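Worksheet: one structure, shown below.
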Amino acid sequence: MLKGFGNFLLKELKELARDPKILLGMIVVPLVMFPVLGGIMGYAVQTAQEQAIKAALIIVDNDCGNWSSSFISFIESLGDVGFNLTVYKENEVELTSEKVLELLAKYNTTQILEIPRGFSENVTAHFNYPNVKAYVRFYGVLRGTSVFESVSASVVDALISMFNRRYAPDVLDSKKATVIKGEIKHGVDPAAVSGLLMSQSIAMPITVLILLMYAVQIAATSVAMEKEEKTLETLLTLPMDRLAILWGKLSSSIIVAAIGAVAYMAGYSYMLSSVMAGIPEGLNLDLAALGLVPSVFGYLLLGLTLFVTMLSALALAVIMSAFAEDIRSAQSFVSYIYPLVFLPSIALIYLDVNTMPFALKLVFYAIPFSHPVIASKAVIMGDYWTVIFGIVYVSAFTLVVMYAASRLFATEKILTAKLKFKGLKIRREKPAEESY
Amino acid sequence: MSLAVEASEVVKVFGSIRALDGLSFVVKPGEIYGLIGPNGAGKTTALRIISTLLLPTAGTVKVFGLDVVQKAGEIRKIISYLPEEAGAYRYLSGWEYLEFMVKFNAKDRDEARAMVREAAEISGLGERLKDKTKTYSKGMKRRLLVARALMLKPKLAILDEPTSGLDIIHAYHVREIIKKYVREHGVTVLLSSHNMLEVEHLCNRVALINKGRLVAEGAPQELKEKFECSNLEEVFAKVVKIA
């Protein structure tokens, strides 16, 4: 045993355990954050499953034969085994793009199953010639890019598989089409598209998460370092604009964080391309051809969203660190911002903000750090108003925080403000050190 | 000509602590004025108010006729403040630190270069100025900071414990530099110190403050005669006891 190790370790543990900043930042925050995250994910799974089995399905019967009637009856009977599908029936409808959209709007649903002409004929033929197959055509609307988006499409696969099990293996197959931005894309599986979009759109939340965490750490420690290294006092007596100090800190943090983000993105895209290289070629989808790549305007809006969000996080970090006496305290303080960064970034991988209940939607919109993730999905779907609203909201939030930060830097509070943890009182009227 | 510093009935309250309690004194242009007092007497608070870092709760402070509350920006152009516990940027070399600091005051590049060269001479750090300041000893760092404060030839240099952490040789060197700057460049110096010998040899006038109030003021010789003491240390002890 190392001589003195036990004694020294005890001292270290005492110091750490008695520091309320560490206790809050490292123990209490994760204990609260992860259960909340778990609750949200659980809710997302539950909602997706409920939606899938309770979904409304339009069945367009263009065959009107014996087997098509049997197939519809079979689907309707599934309520007994847990599928609570509401079935709307239409006969003899030619499914053009306009008609598909009209039907979807009429029944307020997102999926259509078409039984094409010749369906009954093919099913009958299958029993003599097993190579002949009947097929149904599935039209699914691509709404968002959450992990559970593909659940509804997979329900159709489940229906077909159950039908095949009952009547004959491989008698029935499906052809899928996806309704993207009001246009039907034949041969495109909605589950595959949302899966691919998902894998691409995970990059944004994770990048935002890392970027914001880097940036707030840099901003917070840079102010605390001035205090810890005793350079702040001298700096504040120089003939310079105090706001220049604030802007200098924010700008340098943005630049360093941006360089970090570029390095991170390069590494991440390499990782992603390595993963994509392993996917069989037949499954490759061209997102650009499907119109699922942001436009130049979309990219501009996304960049702007990211910029204002960064600025708000940095200003918040600078303000919080102004209350810290040293780097360790500053790091503990900014860890209180992390749940607000973590929560939307991770939750929005699993959830689509558009399908959330109103109250939860409000919570996510109110957190400024949700907006880059929301925007990254919205620009793909061409929903620019959501992004513009986000930019306006985050800019307003940033202005308020920046105003508070500039007030703090303009007065003696930058030197004297301290956060007192006994009862979490903010104590301003106290000199930075105990010499009078 | 206006006074270098004119503090009148200055009060500063931090929560329940009354750090300054009606402090008044004046510093004439071209003199070296020392503030002495026990720990917690209010010396640093007074210097911070004059340096525009803190605002007085009550009373007025003027620096060369400029009010510290109304004209803080103007005052910062003519003062140079050396805090008691000051540091330099760890990842800048001594030379880079001086260059960074001088850019806020110098009118042009030539003046900036001349100031930095002068600071290099004052500091006596020689080749070590090329090293990062994180490699400096406490004494070397202090010499760099004193040089920074004086290279600007401010109208008023506010030096909180200018020789703290310096050995006898370097403390002597710094005191000589301060005297030279006052003599040759007309700089006014307001300093605080715990070193009575330093105050006695350096200051034209001293103010003894205790519990945020001025309790005695005068030239070192006058004070010694008035309190019938052989040195300022005895005066200090006597005055603090009486107060």
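Every number here is computed from the coordinates shown, using simple stated rules; none is lab data. Keep in mind it's a predicted model, so treat the numbers as computed, not measured. A quick note on method: Cβ atoms are made from the backbone with ideal geometry, for glycine too, and the neighbour counts reach across all protein chains shown.
Some notes on this structure:
- Residues whose amide H falls under 5 Å from that of B:L159, counting only those 5 or more places apart or on a different chain, are B:L82, B:L190, B:L191, B:S192, with hydrogens built in the peptide plane.
- For region B:1-75 versus region A:155-196, the gap between their alpha-carbon centres in whole angstrom: 81 Å
- Couplings 3J(HN,Hα) of region A:397-405, computed from phi: 4, 4, 4, 4, 5, 5, 5, 4, 5 Hz, in residue order, whole Hz [Karplus 6.51 cos²θ - 1.76 cosθ + 1.60, θ = phi - 60°; x for Gly and Pro].
- Highest-first packing order for the peptide set A:352-359, A:118-125, A:206-213 is A:206-213, A:118-125, A:352-359, based on the mean count of other beta carbon atoms within 10 Å.
- FRET efficiency, A:D173 to A:S295 (Cβ-Cβ, R0 51 Å, nearest 0.05): 0.90
- Here the Gaussian network model covers chain B, with springs between Cα atoms less than 10 Å apart; of B:T163, B:T57, B:T188, B:T57 fluctuates the most.
- Two-site label geometry, B:E127 and A:V28: point separation in nm, points 7 Å out along Cα→Cβ: 5.5 nm
- In this label model, B:E111 and B:E233 are separated by 4.4 nm, measuring between points 7 Å along each Cα→Cβ vector.
- Eligible aspartates and glutamates near A:K230 by straight Cα distance, threshold 19 Å, same-chain separation 8 or greater: A:E325, A:D326, A:E412, A:E433, A:E434, B:E84, B:E85, B:E96, B:E99, B:D160, B:E161
- Sequence-distant lysines (8 or more away, or on other chains) whose Cα lies within less than 19 Å of A:K11: A:K3, A:K21
- Within 10 Å of the Cβ of each residue in B:78-87, the mean number of Cβ atoms contributed by other protein chains is 5.
- Ordering A:234-247, A:373-386 by mean Cβ neighbour count within 10 Å, with the highest value first, yields A:373-386, A:234-247.
- Potential lengthening between B:Q221 and B:V11 on full extension [0.36 nm per residue; Cα-Cα distance subtracted]: 72.7 nm
- Packing here is the average count of other Cβ atoms within 10 Å per residue, and on that basis the peptides B:175-187, A:130-142, highest first, run A:130-142, B:175-187.
- Maximal additional length on extending the A:A192-A:F5 stretch stands at 61.6 nm, based on 0.36 nm per residue less the C-alpha distance.
- Distant-in-sequence amide H partners of B:F14 (H built 1.01 Å from N, under 5 Å): B:A19
- Footprinting exposure proxy for B:R117, B:R143 (fewest neighbouring C-beta atoms within 10 Å first): B:R117, B:R143
- Calculated FRET value between A:M240 and A:A396, using beta carbons and R₀ = 41 Å, to 0.05: 0.90
- Taking only Cα atoms of chain B, radius of gyration then Dmax in Å: 17.8, 54
- The amide H of B:E217, built 1.01 Å from its N in the peptide plane, has B:L208 as neighbours under 5 Å, considering only residues 5 or more places off or on other chains.
- Anchor A:K361: lysines whose Cα lies under 16 Å away (excluding residues fewer than 8 positions away in-chain): A:K377
- Contour minus Cα-Cα distance for A:T96 and A:N131 (0.36 nm per residue): 9.7 nm
- Taken one residue at a time, the phi angles of region B:158-164 give Karplus couplings (6.51, -1.76, 1.60, θ = phi - 60°) of 10, 10, 8, 6, x, 9, 5 Hz. Gly and Pro are set to x.
- Using θ = phi - 60° and Karplus 6.51 cos²θ - 1.76 cosθ + 1.60, couplings along region A:302-310 (whole Hz; Gly, Pro as x): 5, x, 5, 4, 4, 5, 5, 5, 4
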